[in-house]
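The values are calculated or read from the model by the stated rules, or taken from the named source; none is laboratory data. What you see is a predicted model; the values in this text were computed from it and never measured. So basically every Cβ, Gly included, is an ideal-geometry build from the backbone, and we count neighbours across all protein chains shown. Surface areas here come from the heavy atoms of the whole protein model, side chains and all, with no ligands, DNA or RNA. Shrake-Rupley method; radii C 1.70, N 1.55, O 1.52, S 1.80 Å.
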Amino acid sequence: TFRVAVIGDSFTMADGVEIEDVYHSLLEERLNAQHGTRRYEFLNFGVAGYQLPQYVAVLEKRALPYHPDLVLVGFSTNDFIWFEEQAKVLFSKPYVVKPVEHPFFEFHFGRWVQDRIAALRAGPDRGGELPLAPIFRRHVDEQLDVLGAIQRRTGIPICVAFLNYYSAGLREVIAAVRTAAARNDLAFVDVSAAFPPAQSREYFIYRDDGHPNAEAHRAFADVLFGYLLGSGLVPPP
């Protein structure tokens, strides 16, 4: 059995789609459908809301004891954002289960109203590139340096996948992750390159919830299938 530990946030967990439709489940199914003597196992360590420091902790404390042959890190759109002081406050408190809310009115409709008001105030979207602040670039560098150190220490290859269905406004982020990965000899694949640059609601799970739907996950799996086999990170059957 070739075992892959998959680490990420709500895109990997995955929020809003059946577990059978998530990209790593599709990869496992597709690889095992080739009827070779080798079996493939993808273990899902995704947790909604987690970011790079939590990915490192999950890898060290949860995933490595399973002795994976490969670690696949799903880097999503908010993983480059990190404020150390706020994180100290946020993670110094025990987790409290949130009260049940009406899923449409409290979450989707309320956020839709807020987004529309913000759009009216901001004026038309001109499709500008999101600049990567130095504090965020440093954060990406530091965390991928840690992943690189883990790879060197364990000998387990780590692949960082930029897991998103658009790239508009994120090119500096993608370039920073690519550069940091290369510096640490981490494999890197930009899954967003298979999609149109602009964000499209075609891939939303709901009208105002941008988590990737089953169609987006199928496209994620298509890109990763070709890359993982073509690069030799995953051996053929």
Selection status of HIS24, within 13 Å of the chain's Cα centre (by Cα) and not β-branched (Val, Ile, Thr): yes
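Considering only residues that are buried (at least 19 other Cβ atoms within 10 Å of the Cβ) and under 18 Å from ALA180 (Cβ atoms), which ones fall in segment 70-87?
VAL71, LEU72, VAL73, GLY74, PHE75, SER76, THR77, ASP79, PHE80 - these are the residues of segment 70-87 that are buried (at least 19 other Cβ atoms within 10 Å of the Cβ) and under 18 Å from ALA180 (Cβ atoms).
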Qualifying residues in segment 27-49 (those that are among the polar types (S, T, N, Q) and loosely packed, with under 13 Cβ neighbours inside 10 Å) - the one nearest to the chain's Cα centre (by Cα): GLN34
Pick out, from segment 1-81, the strands (runs of 3 or more DSSP E) lying fully within it that include 3 or more residues that are over 15 Å from PHE162 (Cα atoms). 2-7, 40-44
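Being open to solvent by less than 10 Å² (accessible area, probe 1.4 Å) and touching a helix residue (DSSP H, G or I) at 6+ places or on another chain (Cβ under 7 Å) narrows it down to one of LEU224, LEU228, so name that one.
One residue alone meets the criteria, LEU224.
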Those residues that are under 24 Å from THR1 (Cα atoms) and under 15 Å from the mean Cα position of the chain (by Cα), I need them from segment 57-86; list them, please. VAL58, LEU59, VAL71, LEU72, VAL73, GLY74
Kindly indicate whether HIS67 is open to solvent by 100 Å² or more (accessible area, probe 1.4 Å) and under 23 Å from ASP185 (Cβ atoms). yes
Might you let me know whether segment 29-41 holds any residue that is closer than 26 Å to VAL146 by Cβ, at pLDDT 95 or above and of a type outside the set (Lys, Arg)? yes
Cβ contacts < 8 Å: first residue farther than 28 Å from GLU142 by Cβ, restricted to segment 30-54; second residue part of a helix (DSSP H, G or I) and open to solvent by 50 Å² or more (accessible area, probe 1.4 Å), any location; separation 6+ or different chain. Result? TYR40/GLU28; GLU41/GLU28
Considering every residue within segment 9-21, establish whether at least one is of a type in the set (Gly, Ala, Ser), within 21 Å of THR154 (Cβ to Cβ) and open to solvent by 20 Å² or more (accessible area, probe 1.4 Å). no
